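Here is the structure we will look at.
The values are calculated or read from the model by the stated rules, or taken from the named source; none is laboratory data. A quick note: this is a predicted structure, and the numbers were derived from the prediction, not measured. All Cβ positions, even for glycine, are placed from backbone atoms using ideal geometry, and neighbour counts span all protein chains on display.
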Ligand code: SF4
Ligand code: SF4
Ligand code: SF4
């Protein structure tokens, strides 16, 4: 599938934004108000950047508000509704903490905010997971990868910039998230390599299976079209290997090394630098992996166009 | 509403005979001609001429080589929206622009609602939806909804443009839920298939498979050779014409 930047920014930025909101819900009801509010502000801003970016993918963005109407059937619609509800909840929570209002309510809002954040990221993932025509995406592992990376990047953000919110045990949580989310990603990649186009092939696509092997002979028109541009994106195997190695190095190996440095370093400013790099590296790794999520995905439509 | 109806009153659709399609692209051309001036916005041609032509089509002819034994045959393969009963393109649509009609099962896009997100094109396993580059809305086969019920057209024209124009009668239009319709009889009498049944879309359109003459059996038999056809002498009036032109 064509890896459109607007969509990659959409899911990674809203991922980290809602990830931050999730953790604030867990950590925030009692933590230092000022830090919580700053972190929450960044969570909101990142999520909104992501959501706005998705508008750039639309050919008719002025009609985007219609997209909230079909939540009964459409995951894209649900995602929009969930995002708005979650952002409102986060906003109320932050207002509550800022003005020290409705204290009891703030605790409830915190729980709600965490649950809603998870639900929103889940809806984002389901936009892709629901597509049976792209067998690599059509698995429960897809939402797990999205949720894992949202939790990881949200936690990494708080760890890097607002670590005062975190107790000692959070170092361990970070480590678990780092290994866990990349572990799920690895499983996802293994599965996607094995599944290919699932049980679809050119014989089922044409119904001509009983005539032996079928090969596409000529495309309908000489030039490319919307379908081949959108669904015919291919990444050469060697490049894909290289990018997978890069994403793992930047997303997992470097953050792990930085972790050790942070743990053993006694120079405070150096620790801050390492923490900063920790978030940047983890997030860059997630970003590349999301690019790969699209670039490597194969769509059944291409069975009609070329030998797959 | 982008939930699918539980059932539709009729199942209008196409039956495409792969045995007789010669890949002439007449249906493609007439589909484009009709639909660029019919229902909804015109079908854009971003670049109709030159080295890199590109445009939107609702119907495209692919071709495939079959291999059986040592013989190959070429199958021309028209493909347009199959108006699936369980259309995944409809349920993914967030705006309500995509819908399946209860009265006849036609899958349509309401272009006034579409925001051009393209998700429905991703959801269709067959590649039957194309984004219009100038209008920014999704285009797809309408089953010529503006012809089949159109009282301003003569009776015989009230069928899809592609069906009307096909010179070999490879395309048929009708109600596939009615067992007595011409299309249902074709499906019953010939070997008809769903495309990609594993995608569980339950397409309404049916494809009639090429008959056995595509197989190796006949073409490969020793007493059948093309050269003998070429050297055959015409008789009767044909021989007279032949002589006229060859001057002997
Ligand atoms: S062929 Fe594609 S566009 Fe047409 S109804 Fe089926 S899934 Fe939808
Ligand atoms: S492109 Fe239009 S019709 Fe297709 S899913 Fe998006 S809004 Fe619906
Ligand atoms: S039914 Fe109409 S819109 Fe559909 S392929 Fe035929 S001519 Fe085109």
Of A:277, A:270, A:256, A:303, the only residue that is part of a helix (DSSP H, G or I) and either touching a strand residue (DSSP E or B) at 6+ places or on another chain (Cβ under 8 Å) or buried (at least 21 other Cβ atoms within 10 Å of the Cβ) (or both) is A:303
For the stretch B:10-66, what are the residues that are more than 10 Å from chain A (Cβ to nearest Cβ), assigned to a strand (DSSP E or B) and touching a helix residue (DSSP H, G or I) at 6+ places or on another chain (Cβ under 9 Å)? B:12, B:13, B:14, B:15, B:17
How many residues does the stretch B:67-98 contain that are within 16 Å of ligand 2 (Cβ to nearest atom) and at the interface with another protein chain (Cβ under 10 Å from one of its Cβ atoms)? 11
Of everything in the stretch B:1-26, what is closer than 20 Å to residue B:184 by Cβ and within 16 Å of ligand 1 (Cβ to nearest atom)? Give them in sequence order. B:7, B:8, B:10, B:11, B:12, B:13, B:14, B:15, B:16
The condition from (1) without any contact (Cβ under 8 Å) to a residue 12 or more places away in the chain; (2) away from ligand 3 (no atom under 16 Å from the Cβ); (3) closer than 20 Å to residue A:220 by Cα that residue B:45 misses is numbered (2)
Across the stretch A:62-74, the tally of residues that are more than 7 Å from chain B (Cβ to nearest Cβ) and in contact with a helix residue (DSSP H, G or I) (Cβ under 8 Å, 6 or more places away or on another chain) stands at 2
Quick count over the stretch A:212-240, residues being part of a helix (DSSP H, G or I) and within 21 Å of the chain's Cα centre (by Cα), is 3
When the residues of the stretch B:99-127 are narrowed to those that are outside any loop (DSSP other than H, G, I, E, B) and more than 7 Å from chain A (Cβ to nearest Cβ), which ends up farthest from ligand 2 (Cβ to nearest atom)? B:100
Count, please, the residues in the stretch A:195-211 that happen to be part of a loop (DSSP other than H, G, I, E, B) and either within 29 Å of the chain's Cα centre (by Cα) or in contact (Cβ under 8 Å) with a residue 60 or more places away in the chain (or both). 6
Only one of these is crowded, with 21+ Cβ neighbours inside 10 Å, farther than 21 Å from residue B:99 by Cβ and more than 16 Å from ligand 3 (Cβ to nearest atom): B:77, B:64. Name it. B:64
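Residue by residue, here is whether (1) away from ligand 3 (no atom under 16 Å from the Cβ); (2) under 20 Å from residue B:174 (Cβ atoms); (3) buried (at least 21 other Cβ atoms within 10 Å of the Cβ) holds:
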position	(1), (2), (3)
B:112	yes, no, no
B:119	yes, no, yes
B:124	no, no, yes
B:133	yes, no, no
B:145	no, yes, no
Between B:208, B:195, which is within 16 Å of ligand 1 (Cβ to nearest atom), closer than 27 Å to residue B:163 by Cβ and modelled with pLDDT of 95 or more? B:195
